[in-house]
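Take a look at the structure set out below.
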Amino acid sequence: MSTITALGLVLMILMVLIGGKQGWIAFWSLILNFGFLFGAIVLIAFHVPPLLVTLTTGIIILAITIFMGEDDLQTTVAAFFASVVVMILLLILIIVVEYWAQAQGFGIEDSDDLEGMSLLIGTSFFSIAITTAVLSTLGAIAEAAMAITAGLAEILNRHPETPDQQLVKSGMQIGHQIIGTTLNTLFFGFFGGLLALFVWFAGLDYSLGTIMNNKIFVLEMIAVLISFLAVIITVPVATWTMVWRHRHHPVSKKEV
């Protein structure tokens with residue numbers, strides 16, 4: 001048994017023991033998401049337009065993550081629509097940022113690994129960079145959207161007559177509470193993933209300017225900053241989506 005297989009089994013057992021049926025469903029949603037990510041890689045390798053693959057795969061992953069993670073349709077529908085809106089907004093932003101940065105492709109640190117390999121893969125590295133940046137934000141978007149909509153759904157279940165203005169205020173307050181912890185999670189994940197690269201930079205006496213213009217560092221930094229923006233944008237979008245659903249599909253006292 002390989003190490004990855006053993007860790008996967010431990011993860012599954014703990015998720016089932018602690019989360020019960022919902023933990024089992026969450027584990028299978030993780031497997032499905034991995035499968036769709038692998039499928040996206042295969043499609044891009046076969047020269048299917050990367051932007052089309054990104055949008056389709058992103059929507060599917062968001063649907064799996066959100067609808068398989070919660071049974072309450074009042075929460076999941078609002079979270080899903082908010083997540084899709086944020087993903088589309090970020091896609092537009094990422095295209096602009098990646099075009100300006102021109103950091104796609106490999107850095108000089110990859111030259112030894114790529115020696116003897118051809119880079120003529122028939123797919124634009126610019127499109128691949130966009131796909132990578134978008135897909136790396138989906139987890140942060142879904143998590144923030146679910147936190148906001150679940151909190152507001154709980155308020156509506158207890159007080160269905162809550163006015164829209166109060167819902168907006170409550171949603172923003174919930175957002176203020178999750179932004180700090182989410183941003184710290186993203187930052188330390190970025191720092192931990194690039195720790196070996198930072199040690200390399202230090203060992204080779206890279207200057208700050210060289211580090212800030214390094215392709216590998218810039219690509220990862222762009223992904224992290226985009227994830228930060230995703231969380232921040234998701235707060236008002238998820239709040240307004242929940243308010244809109246409450247206005248058009250109010251929770252009656254019979255549903256409480």
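Using DSSP H assignments, which helices in the chain have an axial alpha-carbon span of 18 Å or above and a mean Kyte-Doolittle hydropathy of -1.0 or higher?
3-45, 50-67, 73-101, 138-158, 164-193, 215-248
Please compute the Kirkwood hydrodynamic radius of the chain from all pairs of different C-alpha atoms, in Å with one decimal.
After inverting the pairwise mean of 1/r, the radius is 20.3 Å.
For the pair Ile31 and Leu9, what calculated FRET efficiency results from E = 1/(1 + (r/R0)^6), where r is the Cβ-Cβ distance and R0 = 22 Å, to the nearest 0.05? Each step should come with its number before you reach the end.
Values: r = 13 Å, r/R0 = 0.58.
Approximately 0.95, to the nearest 0.05.
Which FRET efficiency value, to the nearest 0.05, is calculated for Ala63 and Gln102 with the Förster distance at 30 angstrom and r the Cβ-Cβ distance? All intermediate terms of the calculation are to be shown ahead of the outcome.
Values: r = 33 Å, r/R0 = 1.11.
Working from the Cβ atoms, E equals 0.35.
So which GluC sites (Glu not before Pro) in the stretch 147-231 pass both tests, a DSSP loop state and at most 15 other Cβ atoms within 10 Å of the Cβ? Could you put the intermediate results ahead of the total?
Values: sites: Glu154, Glu161, Glu220; in loops: Glu161.
Filter output for the stretch 147-231: Glu161.
Taking all protein chains together and a probe of 1.4 Å, list Phe198, Phe27 from the most accessible to the least accessible.
From most accessible down to least: Phe198, Phe27.
Please say if the stretch 1-79 is rounded, prolate or oblate, where rounded means a/c under 1.5 for a ≥ b ≥ c the square roots of the C-alpha gyration tensor eigenvalues, and otherwise the choice is prolate for a/b larger than b/c and oblate otherwise?
Oblate is the answer for the stretch 1-79, as a/c is 1.5 or above yet b/c matches or exceeds a/b.
Net charge near Leu167, counting Lys/Arg +1 and Asp/Glu -1 over other residues with Cβ under 12 Å of its Cβ?
Net of charged neighbours comes to 0.
The values are calculated or read from the model by the stated rules, or taken from the named source; none is laboratory data. Since the model is a prediction, treat every value here as computed from it, not as a measurement. Cβ sites come from the backbone with ideal geometry, for glycine too, and all protein chains shown count toward neighbours. Surface accessibility is based on the protein's heavy atoms, side chains included, excluding ligands, DNA and RNA. Shrake-Rupley method; radii C 1.70, N 1.55, O 1.52, S 1.80 Å.
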